[in-house]
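Scroll down for the structure; my scribbles are underneath it.
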Amino acid sequence: MKIMVIDDEPDIRTYLLAVLEDNGYETCSGDGKDSVREDVEKERPDLIILDIMMPRRSGISIYKELRSCPALSRIPVALISGMSPAASFTEEAFRSLAADDALAMPEGFIEKPVKIPALLERVAQLLKGVRDA
Amino acid sequence: MTTGRTGGGTIAKITRENIDRWIQENLFQAIPMAVAVIDQEYNLVYANNAFTRMFGAWRNKKCYTVYKSRESVCPDCKGKDAFFDGFARVNEEVGYNKNGRITHYIKHTVPIVNDDGDVPFLLEMVTDITETVHIRREHQLLFDQVPCNILVIDRDYRIVRTNRRCREMFGDIEGKFCYKAFRGEGQICDRCLARETFQDGRLHSGHSAVRGKDGKEVHMHVTYVPLSLEDGKMDLVMEMAVDVTQLMDLQTQLKIALTVMETMIAESLDGIITIDDKHDITIFNPAARALFNVQGRRRVEKAELEAMMPEGFLSRVETADTHVYLPDTAVRTLDGGSCPVRLAGIRLLVDERFLGMAFWVQDMRKYKQLEKEKLEAERLAAVGQTVAGLAHGIKNLITGLEGGLYMLNSGMKKGNVDRIGQGMEMLGRNIERVAAFVKEFLSFSKGRTIQAAPCDPRAIAEEVVAMYSPRARELGIELVHEAGEAIPQAPLDGAGIHECLTNLVGNAMDACVMSEDRQNCHVRVSTLERDGALVYQVVDDGCGMDYQVKQKVFTTFFTTKGLGGTGLGLLTTKKIVQEHGGHVEMESDKGKGSTFRIVLPRSRLPQAAGAQDAPEP
């Protein structure tokens, strides 16, 4: 299964890719620049881990673009951020951030700093959903 | 009255026996009216001296020529009728006197009849009533045009005459009983002033409310005077009534306006003071008493008022063309204290005549306290956001450090030297970020009390632009300061505002650097005055921000510059601006650029040491 990590900070990309590869996943990455959609179309990952706060373009803006593209909208997305604990990442908080009532909630949320066992467990859950579908 | 002697003529001694002869010879001339005899051809055949005095020469003239300056018989000639039927006539006519003036006269026409009934001559006796007619006309004109209602009432209270004005207001009421015509009553009113005049023959006046012909109530001031007073008896009373409805309406309106004004002044939450042209106090309302600590009903003297107001304020108001407004000043209370107020004063002029001055004094003690509390609350909120942002920033740093550790540990386990090196680099890089972060955060959290001093707001912006200019040239960015119109000095912490502008201009240049078209970027800094606020504006056409970035830009340690920023710049800016009582506004479009605006309302700026009254707006 292929997981794509999109984060502007190279150190965090390196870290997450290493953890995922060490646990047997195929990986690819993006730095959150404007060409994200082309990268995703090219790589066709099974899961995307997407940072929220990035320069130039926020993760929410990228998420909106992916969801609006029929070919990519079924790829599960886990948002990752240190801005709030996972427990407080509610639908209300997401709506306020996205400023869009119609936008579907992302499949997962991962809190920074990353706890590796929790990350792997969440990733496994989301990929199981993909396999079952 | 005229006097004269009429001589005996041909009679030497007039006696009872010869008086008939005297009459035959002299009566014609002795009669005081004009007398003439005309024949059937309308020739004047005889006339007395009075006739000549009235109509001039008459011999060999026709009567119509002499009376009316006509060339032919009058169309309605009464003489013609008398010649025909032999009856005497009296009629009022208009002709011309010997001077050509219009003359009114009463003419008695007496036929001189033969035994056979033929009328060879007419005797005409003419009385001049020109003056009477003029007097009658003047009287009628006065009666109708006088600006009041006039009517005449008889002893039965029946209206026998009305003037035009009265008919316009009440319609045709002649012949009606006055109580019926004016009040619709069936009998004389309980208190009737006309009756009193009939009883005592004296003038009576009073107020009366009646209904006009349109049904509306009309208020009249009525005077009754006796008419036809003969031997203490009278049959008629004249009523003269002036319509005072409008006057009473105006009195009512004036009373309402006065009550409203008095109530508003008495109940006003703001102090209201007026003084007359000699500076004597005419109004000092309860709110002013409370504000200036004036006890009970104690009278405030003009010297005391001058001492209460800011120095020179009264004379400033007295000489100003418009109102004088001090939005942020202080007055002295009667017990020697000081009270922060908003103060306005204006000259009172009526038709260019100076009546005095009026002052409004708004107690700002509570407002100042609330403002202080609000600023404090804003500072506390900023601290709360800072703590939340701190957590976010630290989490990112920890993730970087954990990543470095993971790479180091997993590299060691796998014997992968490259991965160990990568981990070491990550650790080193993130430790450096921690150091920079801590340093900047310490500087931010340490803070300092802002030191406001009067300074030129434009000079600060010019300094910041000058400081960045070499770097801007290096990067190919056009950086300019648009000074605009002159701006008065303001109490600012110069170093603090300098730091804010340094952050905003630095960010704008970074946004240009991140822009795709970085070779064609501009940063414009402007300093301006708008709606009582000092405004610094930094506009760039760099990369701009999308919605989510904008949302977070002031509230967390959020940087869009990757490893190059700590996210503290804008937070520091916000803190300093808030300490000046202002706020930061932001507009940004992704790909088009951003505008950051520091808005500092002058009324909320910190007080500089030794500050005086705020300037007028």
Here, B:Asn49 and B:Glu482, labelled 7 Å along Cα→Cβ, have an inter-label distance in nm of 11.0 nm
Expressed in angstrom, Rg and Dmax over the Cα atoms of segment B:480-540 are 13.4, 40
Restricting to Cα pairs under 8 Å and 6 or more apart, the percent relative contact order of chain A works out to 22 percent
So, with points 7 Å from each Cα along the Cβ direction, the B:His221-B:Lys255 label distance in nm works out to 1.6 nm
In whole percents, the bins of 10 Å from zero upward hold the Cα-Cα pairs of segment B:270-318 as 24, 63, 13, 0
Note: B:Gln199 to B:Asp214 extended length (0.36 nm per residue) minus current alpha-carbon separation gives 2.1 nm
From the Cα centre of segment B:189-212 to that of segment B:90-129, the distance in Å is 48 Å
Share of accessible surface on carbon and sulfur in chain B, whole %, 1.4 Å probe and ligands ignored, is 53 percent
The summed charge of the B:Ala287 Cβ neighbourhood (under 9 Å; Lys/Arg +1, Asp/Glu -1) stands at -2
Computed ³J(HN,Hα) along segment B:52-60: with the Karplus parameters 6.51/-1.76/1.60, θ = phi - 60°, integer Hz and x for glycine or proline, the list is 4, 5, 7, 10, x, 4, 9, 4, 6
Magnitude of the Cβ-charge dipole (Lys and Arg +1, Asp and Glu -1) of the protein assembly as shown about the Cα centre, nearest 20 debye, reported as 900 debye
Here Rg/Rh (Cα, Kirkwood) for segment B:213-282 equals 1.36
For segment A:70-123 the mean separation of alpha carbon contacts under 8 Å (6+ apart) over residue count, i.e. relative contact order in percent, is 49 percent
Percent relative contact order for chain B, counting Cα pairs under 8 Å at least six residues apart, stands at 7 percent
Relative to the compact-globule estimate 2.2 N^0.38 Å (N residues), the Cα gyration radius of chain B stands at a ratio of 2.13
For B:Lys302, the net charge from surrounding residues (Cβ-Cβ under 9 Å; K, R +1; D, E -1) works out to -3
Pairs over 32 Å Cα to Cα, from B:Lys413/B:Lys439; A:Lys128/B:Lys413; B:Lys368/B:Lys439; B:Lys368/B:Lys395; B:Lys366/B:Lys575, come to B:Lys413/B:Lys439; B:Lys368/B:Lys439; B:Lys368/B:Lys395
With a 1.4 Å probe and ligands and nucleic acids left out, the total accessible area lost when A pairs with B, in Å² to the nearest 100, equals 2700 Å²
Per the Kirkwood formula over distinct C-alpha pairs, the hydrodynamic radius of the protein assembly as shown in angstrom is 38.6 Å
Between the modelled labels at B:Cys455 and B:Gln145 (7 Å from Cα along Cα→Cβ) the distance in nm is 8.3 nm
So, over other residues within a Cβ distance under 14 Å of B:Ser208, counting Lys, Arg +1 and Asp, Glu -1, the net charge is -2
Quick calc of log₁₀ I(q)/I(0), segment B:80-195, Debye, one scatterer on every Cα, no solvent, q values 0.16 1/Å, result -0.83
Charge dipole of the protein assembly as shown built from unit charges on the beta carbon (Lys, Arg +1; Asp, Glu -1), centred at mean Cα; most positive-end Cα among A:Ala78, B:Thr130, B:Val152 is B:Val152
Per 10 angstrom bin, beginning at 0 and ending with the bin that holds the maximum distance, the Cα pairs of chain A fall in percents of 12, 48, 36, 4
Over the protein assembly as shown, with neighbouring protein chains present, the accessible area per residue in Å² at probe 1.4 Å is 54 Å²
In deg cm²/dmol, rounded to the nearest 500, the helical mean residue ellipticity at 222 nm of chain B, built from -39500 (n - 2.57) for every DSSP H run of length 4 or more, is -13000 deg cm²/dmol
Here the FRET efficiency for B:Arg183 versus B:Ile106, based on Cβ atoms and R0 = 35 Å and rounded to 0.05, is 0.20
In order over segment A:114-129: 3J(HN,Hα) from phi, Karplus 6.51/-1.76/1.60, θ = phi - 60°, whole Hz, x for each Gly or Pro, gives 7, 9, 4, x, 5, 4, 5, 5, 5, 4, 4, 4, 5, 6, 4, x
Given a Förster distance of 22 Å, the FRET efficiency implied by the Cβ-Cβ spacing of B:Arg89 and B:Asp116, rounded to the nearest 0.05, works out to 0.55
From highest to lowest solvent-accessible area (probe 1.4 Å; ligands, DNA and RNA excluded), B:Trp58, B:Trp360 read B:Trp360, B:Trp58
Rounded to the nearest whole number, the Stokes-Einstein translational diffusion coefficient of segment B:139-295 at 20 °C and 1.002 mPa s (Kirkwood radius, C-alpha pairs) in µm²/s is 113 µm²/s
Rounded to 0.05, the calculated FRET efficiency for the beta carbons of B:Gln607 and B:Glu587 at R₀ = 35 Å is 0.65
So B:Lys413 and B:Thr282, fully extended at 0.36 nm per residue minus their Cα-Cα distance, gain in nm 37.5 nm
Once phi for every residue in segment B:203-213 is put through the Karplus expression 6.51 cos²θ - 1.76 cosθ + 1.60 (θ = phi - 60°), the whole-Hz ³J(HN,Hα) values, with Gly and Pro written as x, are 7, 10, 9, x, 9, 9, 10, 10, 10, x, 5
Once amide hydrogens are built 1.01 Å from N within the peptide plane, the residues lying 5 or more places from B:Ile11 or on another chain with amide H under 5 Å from its amide H are none
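The values are calculated or read from the model by the stated rules, or taken from the named source; none is laboratory data. Because the structure is predicted, anything quoted here is derived from the model rather than measured. Neighbour counts are summed over all protein chains in view; Cβ atoms, including those assigned to glycine, are modelled from backbone coordinates with ideal geometry. Surface accessibility is based on the protein's heavy atoms, side chains included, excluding ligands, DNA and RNA. Shrake-Rupley method; radii C 1.70, N 1.55, O 1.52, S 1.80 Å.
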